[in-house]
Amino acid sequence: MSLADDAFIDARLAYWQRHITRTAASLIPPPTGAARAALGPVLDQLVAVYNLAGGLVADLRQSADGSLATSNAGRAYLSQLATALAHSNRAATHLSTAVIGLADTHRLAPRPGTAAPVESQLAVTLGHAAALRSLNRALAAVTSPLSDAQPGTGPAPAPAVAEQHRRAADSTGTHPVRRRP
């Protein structure tokens, strides 16, 4: 590994640390009150997280195609980016849950004085908090030293659909399916 590659990796990790930190800092809990007023800021937060994920994908793609992927440090860097991407995608999913909760609150409690459904408020609160935790995990992924980041320590890949079907077919018990007339 050359010094230029080391410098590149250090610079990119510092960039991602700043970018994830800024994105996490922008995740301010939605204001209480009208769901309509909270929807815009949460949608802006969702866009910021999607932009973060898009940047991580672009960096992964560019770095994987270069000579960086042939060194141990380069592979560790790619593993760190992949882990950060997985966590930022989870953050986007959690923010989507918050947006759905806000939309449900707006749809189900349209009149003044009508209480918002507790499930919708809970989805907003928990979704937003989970998104922030996921971004903090993404930050932790890019702040760990390269020697600690082992290739292959990222999130375990989900089993393929065919493998899941095979597991279901191999199970010993069969369960009848009830069908309604």
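Tabulated data
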| read-out | value |
| --- | --- |
| Solvent-accessible surface ranking, highest first, for Asp59, Asp44, Asp104 at 1.4 angstrom | Asp44, Asp104, Asp59 |
| Over segment 1-108, equivalent-ellipsoid semi-axes from the Cα gyration tensor in Å | 36, 12, 8 |
| Portion, in percent, of the accessible area of segment 1-93 that falls on carbon or sulfur, probe 1.4 Å | 60 |
| Dipole in debye (nearest 20) - segment 1-92, about Cα centre, beta carbon charges: Lys, Arg +1; Asp, Glu -1 | 320 |
| Ranked order, Thr83, Thr21, Thr125, Thr32 - accessible area, probe 1.4 Å, largest first | Thr32, Thr125, Thr21, Thr83 |
| DSSP-assigned coil residues among trypsin sites (Lys or Arg not before Pro) in segment 1-67, each with at most 10 further Cβ atoms within 10 Å | none |
| Where segment 30-135 is the region considered: accessible area per residue in Å², 1.4 Å probe | 50 |
| Net charge of neighbours whose Cβ lies under 12 Å from the Cβ of Pro30, counting Lys and Arg as +1 and Asp and Glu as -1 | 0 |
| Equivalent ellipsoid semi-axes, segment 1-63, via Cα gyration tensor eigenvalues times 5, rooted, Å | 34, 12, 4 |
| Segment Ala37-Thr125, extension gain: residue separation times 0.36 nm, minus the distance between their alpha carbons | 30.2 nm |
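The values are calculated or read from the model by the stated rules, or taken from the named source; none is laboratory data. Computed from a predicted model, the values in this text were never measured in an experiment. Reconstructed Cβ throughout: ideal geometry from the backbone, glycine too, with neighbour counts over all protein chains shown. These accessible areas exclude ligands, DNA and RNA; they are computed on the full protein's heavy atoms, side chains included. Shrake-Rupley method; radii C 1.70, N 1.55, O 1.52, S 1.80 Å.
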